[in-house]
């Protein structure tokens, strides 16, 4: 007999696979063009403009490209944080002093050079760019399977405003959710601005 939890996990796995295949199917040009359109929308958001501390991430080649966001936020005088994995399912936010501080870390993901790492207190993070495989118009999010963001947002930074920057094709009618799964406050795609609960 399959439990509800196992059923949800299977649904999540299938949807995650489908979405990652979709992302990988976009050309480099499409990735760049769509990413530029998404970031242009983000820069117009009052919540982003007012935020003092932005928690983002160094994107993988098949994700929305955020390098320009890191540069833009630093230039605007904002404090920028990147994820630092500290244990299984656990992470902190590490300060990014400048783009020159980026080096390739685990899994080839850009991270802050070890000798320059300093933790930003979670209570000071006011805007989070949340990665994900899929999102629904209701603000539901399918993560990438590690539970890092669900835990961090629920336990450490519940005050932070959560924005998803994602390709249009990753917004689906519904996402299988469980009690611990973190939702987002805003979804921006290359063609749409979705504000759940509005």
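Quick notes on this one:
- Against the test of being touching a strand residue (DSSP E or B) at 6+ places or on another chain (Cβ under 6 Å) and in contact (Cβ under 8 Å) with a residue 24 or more places away in the chain, the options 109, 187 yield a single qualifying residue, 187.
- Taken over region 127-156, the residue count meeting the criterion of being assigned to a loop (DSSP other than H, G, I, E, B), modelled with pLDDT under 95 and more than 20 Å from residue 21 (Cβ to Cβ) is 1.
- Within this structure, residue 58 fails the test of being under 30 Å from residue 122 (Cβ atoms) and assigned to a helix (DSSP H, G or I).
- All of 125, 112, 129, 94 fail the test of being surrounded by 20 or more Cβ atoms within 10 Å (Cβ to Cβ) and in contact with a helix residue (DSSP H, G or I) (Cβ under 6 Å, 6 or more places away or on another chain), apart from 112.
- Test: residue 123 is more than 25 Å from residue 35 (Cα to Cα) and at pLDDT 95 or above: yes
- Restricting region 61-83 to residues that are free of Cβ contacts under 8 Å to residues at least 60 places away in the same chain and assigned to a loop (DSSP other than H, G, I, E, B) leaves a set whose member that is surrounded by the most Cβ atoms within 10 Å (Cβ to Cβ) is 65.
- Restricting attention to region 1-26 and to residues that are in a loop (DSSP other than H, G, I, E, B) and modelled with pLDDT of 95 or more, the residue that is nearest to residue 77 (Cα to Cα) turns out to be 26.
- Yes/no for residue 41 being in contact (Cβ under 8 Å) with a residue 12 or more places away in the chain, in contact with a helix residue (DSSP H, G or I) (Cβ under 9 Å, 6 or more places away or on another chain) and either over 19 Å from residue 141 (Cβ atoms) or part of a helix (DSSP H, G or I) (or both): no
- The set of residues in region 176-198 being modelled with pLDDT of 95 or more and surrounded by fewer than 18 Cβ atoms within 10 Å (Cβ to Cβ) consists of 191, 192, 193, 195.
- All conditions in (1) touching a residue at least 24 places away in the same chain (Cβ under 8 Å); (2) out of contact with any strand residue (DSSP E or B) (no Cβ under 7 Å at 6 or more places or on another chain); (3) exposed (fewer than 13 other Cβ atoms within 10 Å of the Cβ); (4) under 14 Å from residue 127 (Cα atoms) hold for residue 52, with the sole exception of (2).
- Residues in region 158-175 that are out of contact with any strand residue (DSSP E or B) (no Cβ under 7 Å at 6 or more places or on another chain), surrounded by fewer than 20 Cβ atoms within 10 Å (Cβ to Cβ) and in a loop (DSSP other than H, G, I, E, B): 4 in all.
- The number of residues in region 144-159 that are within 22 Å of residue 60 (Cβ to Cβ) and touching a residue at least 60 places away in the same chain (Cβ under 8 Å) comes to 5.
- For residue 93, the conditions (1) modelled with pLDDT of 95 or more; (2) closer than 20 Å to residue 65 by Cβ; (3) not in a loop (DSSP other than H, G, I, E, B) all hold with the exception of (2).
The values are calculated or read from the model by the stated rules, or taken from the named source; none is laboratory data. Everything numeric here is computed off the predicted structure, so don't read it as measured data. Using ideal geometry, Cβ is built from the backbone for each residue, glycine included, and neighbour counts are taken over all protein chains shown.
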